[in-house]
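Read the figures in this text as sums done on the coordinates, not as results from a lab. As the structure is a prediction and not an experimental result, all values here were calculated from the model. Every residue, glycine among them, receives a Cβ derived from its backbone with ideal geometry; neighbour counts consider all protein chains shown.
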Amino acid sequence: MIHKKKFAALAGAAALIVCSANAQTGPVVLKSPNGEVEIAFATLSRGSQPAETGQLAYRASFRGKPVVDWSNLGLDIQGSQVLGAQVRITGSEQSQGDETWTAPQGKANPIRNRYNAVVIKAEETGSRRRFIEIEARAYDDGAAFRYRVPRQNALREIRIAREATQFRIAKDARTFPLVLPNFRSNYEDDYLELPLSGVHSDYLIGLPLLMEVPGVAWLAITEAYIDNYAGLYLSTRDSRTLEARLSPRLDEPGLAVSTETPMNSPWRVLMMGAEAGRLVESNIVLNLNPPCAIADTSWIKPGKTSWNWWSGTVARNVSFKPGMNTETMKHYIDFSARNGFEYMLIDAGWTRRIPGREGPNDSGTDLTQTNPNINMPELLEYAKSKNVRLWVWAHWTDVDRQMDEAFPLYQKWGIAGVKIDFMDRDDQWMVNWYRRVAKKAAEHKLMLDFHGAYKPDGLRRTYPNVMTREGVMGLEYAKWSARITPRHNVTIAFTRMLAGPMDYTPGAFENVTKEEFVPRNRFPMTMGTRAHQLALFVIYESALQMVADYPGAYDGQKELDFLKAVPAAWDETRVLNGEPVKYITVARRRGQEWYVGAITDWDARELDVPLSFLGSGSYTADIFSDAPDAAKQPKNTVREQRQVNAKTVLKLRLAPGGGAAIRLTPAR
């Protein structure tokens, strides 16, 4: 990974540095490079006015309008008052950063990391005189801050029960919360649509939380760079105020974080934009993470994979009995090979069970041994002969027990990566476990897919072998419920995907109407049109992209040509139009080619899609769109080729639950 860094740490020293031994009464103001985003910090009196001493607080605005009103900051440390409740600001130091870095996978490459920054130093006014710092950055697409607790005699160890962080939204907002049952969650649920004043105080809200502050901005709250800390959630204090909640430790439920100082919290991120689509384009979460820790990333290869699990490990018109066996896996390897897919993923059931150690969800297996029906050496040799590499599935408890043994073995075998499942929590221990696994996997040139996972936090910048993660209610739910609807598919593009890549597992070709849909485990079906499913390969970001259905579903279908061509990593991303829960159109570039995906909810739509993002010259557009009868026959698509250029405006007609998928290649 190549880093080109240009840091102007002290540009205009007199203007950028403020250090004072005396308390500061006025707010410390930080603006983004383009001046549109502003975040300010101050100590407030009981009347919520800036004062020499008082409650540490912040506010944020976009284009001169308030987005977040004065909101409290602080850490609730066991055995003492909140650190930040009664302090004075003793100094602040501003700086700038500007770097351009490259990544082996993601939605943009290269990525520019340009911001203005400030570190604010504060001291308690009580007898303990503890110190706390706030580090903040302002980007053109948002702002972020984190707590820093320096090493000090009064706080050599720090035990945080909760954060006192608040987000007091400037006015009642339209929100899209993910309401979770508890802190032991896989983030797989429906996103609601509610006014902020209608979010009940007993709701536990997972991040990211998207909202529209009317007449001001689109705002999303999330976090970045979680390291040796607990995951952040939100709940409401009143009709406009959200408060931080931290995932508690398993060994001590009244405690969230226990560590030594110096300590940094994760970044609390405020993504802002005039349109919801601007947040989808943002790389702020990635940019708030440390640079790549892997010296050689040449082995990290984004790609598409066939997958035996979603279809029910099935095959039709074959000479063998389908199931978790060598012949069925070869069948899926063959499908990858003849279509140029880089990988085949062998899901749960391939390992040998340990007698007496069986656990829930396929835990209690030996990750170094296969079940009697799987001949791993034969499969590895067969896949290699077909220029396909294998991924394997593993339960996290087995990985925790055996990674020091299994990961070197997988490297020796030539396994490409591991899909690790069922963690379902983000307390401090589990957060650290993710990082430990990512590091160990990188040492053995293994890529990772975290399932049963919490939301992304930008870990893949530091460990780009973390290709994707679940943390979303994906297509698998169509096997047992009617929850995967076109509306849901649009919604998660604007909500969950703001945090980072998501392994939704698109590609269902048994497309049916709402009335025809029946959940089933084998040969599952999905609501909405085939063109809608094709478009998801453009709209959803994932460096390991599943082609989820069984091979026979694709063979002989014209839409397979699009799946063969569409990349799994991108150089540029643009959201062309859209509104949360209703519709979205995304354009992504890889090299000289552009791909466009558009999807709608259950409402049919006509969309004008300007191609002004194209460079000079003409392009050939290969368009897969809903057929005229797709509302009743959702599998039907129309394929059309036409010459276009940057002045062209495509008119797309989307059926209910429909979509369109387009490949744009320079004309020769």
Counting only DSSP loop positions in segment 43-92, the trypsin sites (Lys or Arg not before Pro) whose Cβ has at most 11 other Cβ atoms within 10 Å are ARG46
How big is Rg to Rh over segment 288-353, alpha-carbon atoms, Rh as the Kirkwood inverse-mean-distance radius?
1.14
Computed lengthening from LEU204 to ASN317, 0.36 nm per intervening residue step minus Cα-Cα distance:
35.8 nm
Within-14-Å neighbourhood charge of TRP594 [Cβ basis; K, R +1; D, E -1]:
+2
Within segment 471-541, which chymotrypsin sites (Phe, Trp or Tyr not before Pro) sit in a loop by DSSP and count at most 12 neighbouring Cβ atoms inside 10 Å?
TRP480
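Write down Rg/Rh for segment 12-156, rounded to two decimals, with Rg from the C-alpha atoms and Rh from the Kirkwood relation over Cα pairs.
1.02
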Lys and Arg at +1, Asp and Glu at -1: neighbours of GLY74 with Cβ under 10 Å from its Cβ sum to -1
Roughly how big is segment 292-471's charge dipole about its Cα centre, with Cβ charges of +1 (Lys, Arg) and -1 (Asp, Glu), in debye to the nearest 20?
460
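If each residue's Cβ is checked for other Cβ atoms within 10 Å, how do ASP238, ASP140 rank with the fewest at the top? Kindly include the intermediate steps, with their values, before the conclusion.
Details: ASP238 11, ASP140 19.
In order of increasing Cβ crowding within 10 Å: ASP238, ASP140.
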Which length gain, in nm to one decimal place, applies between LYS439 and GLN411 when the Cα-Cα distance is subtracted from 0.36 nm times their residue separation?
8.7 nm
Trypsin sites (Lys or Arg not before Pro) in segment 558-615 lying in a DSSP loop, each with at most 12 other Cβ atoms within 10 Å of its Cβ, come to LYS558
Report, to one decimal in Å, the Kirkwood hydrodynamic radius for segment 507-549 based on all distinct Cα pairs.
11.1
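Nothing charged except the Cβ atoms of Lys and Arg (+1) and of Asp and Glu (-1): what's the magnitude of the dipole of segment 580-668 about its Cα centre? Round to the nearest 20 debye. Provide the component values of the computation, followed by the final result.
Values: 14 positive and 9 negative charges, 57 e Å.
The dipole of segment 580-668 has a size of about 280 debye.
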Percent of all alpha-carbon pairs of segment 78-217 at distances over 21 Å, whole number, is 63
Once you order the gyration tensor axes a ≥ b ≥ c over the Cα atoms, which shape class does segment 201-297 get: rounded for a/c under 1.5, otherwise prolate or oblate by comparing a/b with b/c?
oblate
With no solvent and one point on each alpha carbon, what is the Debye value of log10 I(q)/I(0) for the chain at q = 0.10 Å⁻¹?
-0.94
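State, as an integer percentage, the relative contact order of the chain based on alpha-carbon contacts under 8 Å between residues 6 or more apart.
11
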Percent relative contact order for segment 3-287, counting Cα pairs under 8 Å at least six residues apart, stands at 17
Charge dipole (debye, nearest 20) of the chain; +1 at Cβ of Lys and Arg, -1 at Cβ of Asp and Glu
980
Share of pairwise Cα separations in segment 453-603, more than 28 Å, in percent:
15
A convex hull over the alpha carbons of segment 3-287 yields, per residue, a volume in Å³ of 143
Work out Dmax and Rg for segment 292-471 from the C-alpha atoms and quote the Rg first, both in angstrom.
15.9, 50
Considering just Cα atoms, how many Å³ per residue does the convex hull of segment 390-528 enclose?
116
Cα pair count fraction exceeding 12 Å, expressed as % - segment 54-104
77
